[in-house]
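These notes are about the structure you will find just below.
The values are calculated or read from the model by the stated rules, or taken from the named source; none is laboratory data. Note that this is a predicted model, so its numbers are computed, not measured. No Cβ is skipped: glycine too gets one built from the backbone with ideal geometry, and neighbour counts run over all protein chains shown. Calculation scope for accessible area: heavy atoms of the full protein, side chains included, ligands and nucleic acids excluded. Shrake-Rupley method; radii C 1.70, N 1.55, O 1.52, S 1.80 Å.
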Amino acid sequence: MGTVFAFTVCFLLWYITSYHIRPHFTVNGPKSPPFNFLNYGAAVLWVFIKYSILGFGYYFASEGIKRERKLRLIEKEKHEAEYAFLRAQINPHFLNNTLNFFFAKSLPLSEELADGIMILSKIMRYSLEIDKDDRMTLIDEEIEHIKNVIKINQLRFNNKLQIDFNVNGNTDNIRLIPLILITIVENILKHGSCTDKLHPVKITLSINEIDHNIHLSTWNKKKKGPKELSSGIGMENIKKRLTNHYNKGFALNINETELDYSLELVLPYNKATDHQEKPSPSDNLGFLEHFKLPQIKPQPYA
């Protein structure tokens, strides 16, 4: 349709130029022959075809070059990602055995240190064993993972973190894609001011059984002074994974100022039914699970 329109415009322009504009000017060369629709249309069509072939040829050649560059870039990124994965890959058995050794050695010396190693083992086990193909996982496991990450950071900062982490609603059998919520929490721990008693970090996770959605709300003051090293791709990775899995069925709103940072995330949720396979705990942590730590008074998140 576009080609026919372009030819019609070309035909009219040539006709107006040859038979209505040219006769008013003195030009070199023969006068325009008497107008014959078929002959004139054939001549214009021939010229139109020649220039169209050149135009289409240039277009497809440039698109082919762009496509080739894009494929090369994708291939390069793929190789870099594979190489990065190989460099970052951790042998779970080696990690498990090492943590077992550290746990056994630390248990007689410090209950707090042994408890920290136990928490770290749970964090690493969950992170290493969760699938990377965006399979669904139980939200209770994600919540437990968040609590463990907060606990291990409380140990790092001598229980000075001021974090209000609240869960509202019934979380039973609710599923979502893994490592979304914890990435947001880790982002707060890296960039937020988490030890200010007057302005504690607010993290609220709510389950709305009427609208069937998960609502995560966070607020934190920004950290002043030196900040932890960060790749800066955490939030971008979250957006890509959410778009890939939920398409447009989610809402992510971020409000950032010079002083604070807030986030609102709304996700639809699925419920695991009895006939669905639920994520199950992996192999135990060797003899690490046979030890029973004395109960340590839990430190509040706030």
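So, R0 is 30 Å and r is the distance between the beta-carbons of ASN166 and LEU95; what FRET efficiency does that work out to, to 0.05?
About 0.40, to the nearest 0.05.
At 1.4 Å probe size, with every protein chain present, just tell me what the per residue accessible area of segment 97-226 comes to in Å².
Per residue, segment 97-226 has 48 Å² of solvent-accessible surface.
Residue separation times 0.36 nm, minus the C-alpha to C-alpha distance between SER262 and ARG67: what's the value?
Full extension of this stretch gives 66.2 nm more.
Per 10 Å bin, what percent of the C-alpha pairs of segment 100-172 does each bin hold, from zero upward?
P(r) over segment 100-172, rounded to whole percents: 17, 40, 32, 11, 0.
Calculate what fraction, in whole %, of the accessible area of segment 126-249 sits on carbon and sulfur atoms when a 1.4 Å probe is rolled over the protein chains.
49 percent
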